[in-house]
1. For Lys4, what residues show an amide H to amide H distance below 5 Å, using hydrogens built from the backbone and excluding near sequence neighbours?
2. Rounded, prolate or oblate: which fits the stretch 1-117 when a ≥ b ≥ c are the square roots of the eigenvalues of the alpha-carbon gyration tensor, with rounded for a/c under 1.5 and prolate only if a/b beats b/c?
3. How big is the stretch 3-69 on each of its three principal axes, counting only the C-alpha atoms and giving the largest first in Å?
4. In a shell of Cβ-Cβ distance under 13 Å around Ala59, excluding Ala59 itself, what net charge do Lys and Arg (+1) and Asp and Glu (-1) give?
5. Taking R0 as 41 Å, what's the FRET efficiency between Leu104 and Lys34 from their Cβ-Cβ distance, rounded to 0.05?
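Every number here is computed from the coordinates shown, using simple stated rules; none is lab data. Here the structure is a predicted model, which is why all the values come from computation and not from measurement. Quick reminder, even Gly has a Cβ in these numbers, built from the backbone with ideal geometry, and neighbours come from all protein chains shown.
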Amino acid sequence: MVRKILEKITNHAPAQVAVTLDHAGRQKSRGLLKLDDGTEAALLLERGNGLRHGDRLLADDGVVVVVEAAREGLSIVTCTESLDLMRAAYHLGNRHIPVQIEALRLAYLHDHVLDDMVRALGFQVGFAVERFEPESGAYGGRGEHGHSHAQRDSEALRAHAPHAHGPAHEPALRTRTDTA
């Protein structure tokens, strides 16, 4: 008999087993999962709620499953100035890709085409294998966890870009040079 995972719980009950999922796997609310102990479970959650690292799930047999974010290949953009980071976030946001925002650092799932675009804008792009916890989007919410560490570290940097595409729609960066 396959265990059924029916709900996400808000308390931090001790977990009996973990499930390690990549970013794409954490966006699904239904499907068959292979738990870290080798057993299988049917994921049957309410649609529209993604999973985050540390979430607790309750199975029909009372077992608590903790979600572990898998380490994935990420492209890393680092900056020394917050304005530069906002420019990079603006251009990546216009491509509608998930982006993890931290203080003076952006991460997205490794993509050499996006890497080339970001480099052409004058930014350095590195590579790392880490957990990927991108912003959930304007309508996604943060669930019961409140703010993630990335969100806390970057509150001042969080500006959402308009969805217009192409250079004709991108605002010119202006620097005030006069003192009047």
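1. Ala42, Asp60, Asp61
2. Note, shape of the stretch 1-117 comes out prolate.
3. 25, 24, 19 Å, listed from the longest principal axis down.
4. Summing Lys/Arg as +1 and Asp/Glu as -1 gives -1.
5. 0.65
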